[in-house]
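K.L.:
The structure is given below, and queries will be raised subsequently.
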Amino acid sequence: MMVAFAELERDMIVERTRAGLDAAKAQGRTGGRPSVITEDVLTVAKARKAKGESITAIAKALGVSRATLYRHLG
């Protein structure tokens with residue numbers, strides 16, 4: 001019997017959480033950490049990469065990690 005109540009309570013918590021996230025999204029708010037890479041930084045990184053500069057040098061100059069650059073440059 002206790003298991004049934006616990007399961008019901010968990011389902012209600014999940015439902016309320018989902019409703020809250022959907023409401024926040026409808027208001028234009030998103031969760032999570034803000035991205036370090038802006039459009040300007042990405043443009044600079046792409047230009048430097050096109051010139052043949054290494055990812056390590058670009059990352060150091062822009063103040064981001066190599067993994068972040070690889071993720072955004074593809």
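K.L.:
Taking region 36-56 on its own, how many of its residues are surrounded by 12 or more Cβ atoms within 10 Å (Cβ to Cβ) and assigned to a helix (DSSP H, G or I)?
P.N.:
So the count comes out to 8.
K.L.:
Now a separate question. Among the residues that make up region 5-20, is at least one of them modelled with pLDDT under 95, part of a loop (DSSP other than H, G, I, E, B), more than 25 Å from L73 (Cβ to Cβ) and not assigned by TED's automatic domain parsing to the domain that holds L73?
P.N.:
No, there is no match, as no residue in region 5-20 is modelled with pLDDT under 95, part of a loop (DSSP other than H, G, I, E, B), more than 25 Å from L73 (Cβ to Cβ) and not assigned by TED's automatic domain parsing to the domain that holds L73.
K.L.:
For region 23-35, give me each residue that is more than 28 Å from Y70 (Cβ to Cβ) and either surrounded by 10 or more Cβ atoms within 10 Å (Cβ to Cβ) or of a type in the set (K, R) (or both).
P.N.:
Matches in region 23-35: A23, A24, K25, R29.
K.L.:
For region 58-74, which residues satisfy the criterion of being surrounded by 11 or more Cβ atoms within 10 Å (Cβ to Cβ) and more than 30 Å from R18 (Cβ to Cβ)?
P.N.:
Residues satisfying the conditions are I58, A59, K60, A61, L62, V64, S65, R66, L69, Y70, L73.
The values are calculated or read from the model by the stated rules, or taken from the named source; none is laboratory data. In this text, all values refer to a predicted model and were calculated from it rather than measured experimentally. A quick note on method: Cβ atoms are made from the backbone with ideal geometry, for glycine too, and the neighbour counts reach across all protein chains shown.
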